[in-house]
Amino acid sequence: MAAVNEAYDEAVKLISSVVCSDDESRSRTSIKLVPCKSRSQGDIVCTSPEVASCFVDKAKKEELLELVRRSHVLASCDFTQQGQPCLSLSRSVFFRKCLSEVAASKGSYGCAAAESLPPFAVAIHLPSSATTLDEGRVLLTARLLSRLLRARGHAVMVTCPPSLRRRDDVIPFLASEGEEVRGEIAAEKDDTLLPARGSAASEVASVMSSLSDSISNVVHVVGQRCSQAVQQAVSSTTTNIGGVMSSHDQRQRVVVVAGVHWTGRGVAKSAGPILSLSDVVSIRTRLMHSIYSARYSRTATAKGSTDDQDVATKMADAVMKFEMLSADLNCPVKIELTSSSSTVDSGTRLDGSFVMYNYARMATLLAQYQRNIEGGEYPTPPPLEEVDFSLLSDMEEWDLLWGYVLPYPMVVQEATTFRPTHGNTNVTVPLKKICLFLIRLSHAFSTYYSRVKILLAPEPHLMPLIHARILLMKTVQQVMKNGLALLAIDPIEHL
């Protein structure tokens, strides 16, 4: 968003230089700029009445127009009937700045700068009577919350029952390959996994007593069935903060996660009334394999480059996580389980597979571009600094940048905004924003990809456009990859 701030600052500077030149009483702070909703994304309008009245003077208009023509971040300026100046951003400059930032940041794009932020502890509480799908949603919620907090620059420690460490059906969803379940960071104590099963009061007391004073925020992620007990335990906790005894520890928040309701049309009765996350993935894998085989298997087998089962399993994992995490945390999740594509209900949500499919389309496109270079069909691409981004004149290309690449860091930030619900401790957090962002981005890319041919004929006059579009696709792919990483989803590279 640095490029956006630069453009707004430039606009304020130019307008103020005209408006305030003959009236020193006017201040830059009185110049209010807002997005112009009636025009293209990124266009801005000055809504300050005193500014509009100034541009009744034709000479003032001409002075501002000349300043904008000289600007390197603003492209043009015109005026509304009320005299309000409307400014368009220099899109080629924005493309260059934003694509350069993502290329330099790679996997860290969207993460906060390495600054010292208050550390968090994420404590998981599970009722002994909960179904394993309910447990699974709590685990996935805690996992996503911890990753998002870490992406924002917080140190995070996860605490959960030792029994969860020993459950093979839980570990794959609590930590990604190469990461320990012990915690997100090296804690001051070795017992980063704390006993958290027993009475709610003893669990909360155990968590709080084990944390050092450096842990300034504790988030208790709890299933709906034990939420009231944990909330009461947190509210009645007496702690010593800065030498002052408090009857309510202001460091603590409670995030309540609703349960999961499922129906099993087409699912074998032997599955029983209680399913685990692994059961859901197995059922979804059979469904994905059925769909995948019908659509892609023949081509994939001919190429000999795709493992059908591996792709189906990754798709199923993505489908399950999107189902569990795309809804408000305080709303129950309803899922239809079927293992056959012929019995898929029209209401069955397969958003995760759609996101994965479009990531694979991007990866396949970029791989083909690289093969064209290696085979001599395309020339070696120029450095990013020499690419002509003014050729990206399609509105959908600008929408991909302005609507998705630029706002992604803000989406990560908003997804960890704690909002009070009721009581002294209960909060909700809109973690679903990550899933919804990836779904919308996939739809935007799919629309663009279906309409615009990117790998054009290797004609010299077309190569600058190909290089510019490929860099945009690499940027969109990186943003999608970063979002999937927050969900601990391993993307597929080809179909």
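The values are calculated or read from the model by the stated rules, or taken from the named source; none is laboratory data. All values reported here derive from a predicted model rather than from experimental measurement. Note that each Cβ is placed from the backbone with ideal geometry, even for glycine, and that neighbours are counted across all protein chains shown. We work out accessible area using only protein heavy atoms, side chains counted, and drop any ligands, DNA or RNA first. Shrake-Rupley method; radii C 1.70, N 1.55, O 1.52, S 1.80 Å.
Results, tabulated for the structure shown:
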item: Total residues in region 358-384, condition part of a loop (DSSP other than H, G, I, E, B) and in contact with a helix residue (DSSP H, G or I) (Cβ under 7 Å, 6 or more places away or on another chain); result: 5
item: Top-ranked residue of region 51-73 - restricted to ones that are of a type in the set (Gly, Ala, Ser) and part of a helix (DSSP H, G or I), ranked as nearest to residue 4 (Cα to Cα); result: 52
item: Index of the failed condition, residue 324 passing every other in (1) crowded, with 19+ Cβ neighbours inside 10 Å; (2) at pLDDT 90 or above; (3) not in a helix (DSSP H, G or I); (4) not charged (D, E, K, R); result: (3)
item: Residues of region 55-79 satisfying the condition of being open to solvent by 20 Å² or more (accessible area, probe 1.4 Å), more than 22 Å from residue 40 (Cα to Cα) and of a type outside the set (D, E, K, R); result: 56, 59
item: Residue 7, sole failed condition from (1) at pLDDT 85 or above; (2) buried (at least 16 other Cβ atoms within 10 Å of the Cβ); result: (1)
item: Failed item, numbered, when residue 417 is tested on (1) out of contact with any Phe, Trp or Tyr (no Cβ under 6 Å at 6 or more places or on another chain); (2) closer than 23 Å to residue 93 by Cβ; result: (2)
item: Selection from region 368-408 of residues that are crowded, with 19+ Cβ neighbours inside 10 Å and acidic (Asp, Glu); result: 397
item: Any strands (runs of 3 or more DSSP E) falling wholly within region 227-300 and containing at least 2 residues that are at pLDDT 75 or above and not acidic (Asp, Glu); result: 252-257, 260-263
item: Candidates 41, 82 - the one that is farther than 25 Å from residue 405 by Cα, open to solvent by 50 Å² or more (accessible area, probe 1.4 Å) and out of contact with any Ser or Thr (no Cβ under 6 Å at 6 or more places or on another chain); result: 82
item: Positions within region 439-472 being closer than 25 Å to residue 326 by Cα and either basic (Lys, Arg) or open to solvent by less than 40 Å² (accessible area, probe 1.4 Å) (or both), in sequence order; result: 439, 440, 441, 442, 444, 445, 446, 448
item: Counted residues, region 412-425 - those being open to solvent by 10 Å² or more (accessible area, probe 1.4 Å) and either at pLDDT 95 or above or not in a helix (DSSP H, G or I) (or both); result: 8
item: Region 436-460 residues that are of a type outside the set (D, E, K, R), paired with ones that are open to solvent by 80 Å² or more (accessible area, probe 1.4 Å) (beta carbon under 8 Å, 6 or more apart); result: 458/377
item: Test: residue in region 302-311 that is open to solvent by 50 Å² or more (accessible area, probe 1.4 Å), on the phi < 0 side of the Ramachandran plot, of a type outside the set (Asp, Glu) and modelled with pLDDT of 90 or more; result: no
